[in-house]
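Okay, so here's the structure we're looking at.
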Amino acid sequence: KIMGERLFAITDAVTDTDKGAYPHYLSGDKYEAAGILSGSALNMVKALQRLVHNVGIETGEAIRMCSLYPARVLKIDDQYGKIAPGYKAAFNILDKNLELIKISGSR
């Protein structure tokens, strides 16, 4: 509560790769390169679920923590982070348990 809008969710955004200087692969719940941690397997839907189900954050605030607040930090909140006229639209459609049903929209 003290952090307010300064607390937000991010992911490492890594995937398996065998290209480049640091190839890394999924190993359980993390990515590794040569046996060394190289990133998390946490995606934004899982982050949202954990904020709501494990931390007890209200769903609307958790959604803002995964969308609007990171967009503000990146200074792209004039294009991303909320549903409003003129904003770019990419939607994760979730069920009542916050399980992903469909990804829709442009990026």
Give the range 62-84 a look and list any residue that's of a type in the set (Gly, Ala, Ser) and not in a helix (DSSP H, G or I), or say none. Ser67, Gly81, Ala84
Which residue pairs have Cβ atoms closer than 6 Å, lie 6 or more positions apart in sequence or on different chains, and pair a first residue in the range 13-29 that is without any contact (Cβ under 8 Å) to a residue 60 or more places away in the chain with a second residue that is aromatic (Phe, Trp, Tyr)? Val14/Tyr31; Asp16/Tyr25; His24/Tyr31
Within the range 29-38, take every residue that is more than 23 Å from Leu51 (Cβ to Cβ) and part of a strand (DSSP E or B) and give me the one that is least open to solvent (accessible area, probe 1.4 Å). Ala33
Of these, Leu37, Leu26, Leu94, which one is among the aliphatic types (A, V, I, L, M) and under 16 Å from the mean Cα position of the chain (by Cα)? Leu94
For the range 69-107, name all the residues that are in contact (Cβ under 8 Å) with a residue 24 or more places away in the chain and open to solvent by less than 60 Å² (accessible area, probe 1.4 Å). Tyr69, Pro70, Leu94, Leu98
Taking the residues in the range 7-28 that are surrounded by 11 or more Cβ atoms within 10 Å (Cβ to Cβ) and among the hydrophobic types (A, V, I, L, M, F, W, C) as candidates, determine which candidate is farthest from Gly81 (Cα to Cα). Leu26
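The values are calculated or read from the model by the stated rules, or taken from the named source; none is laboratory data. Being a predicted model, the structure only gives us computed values, none of them experimental. When we count neighbours, we look across all protein chains shown, and the Cβ atoms used for this are built from the backbone with ideal geometry, even at glycine. Heavy atoms of the whole protein, side chains included, go into the accessibility calculation; ligands, DNA and RNA do not. Shrake-Rupley method; radii C 1.70, N 1.55, O 1.52, S 1.80 Å.
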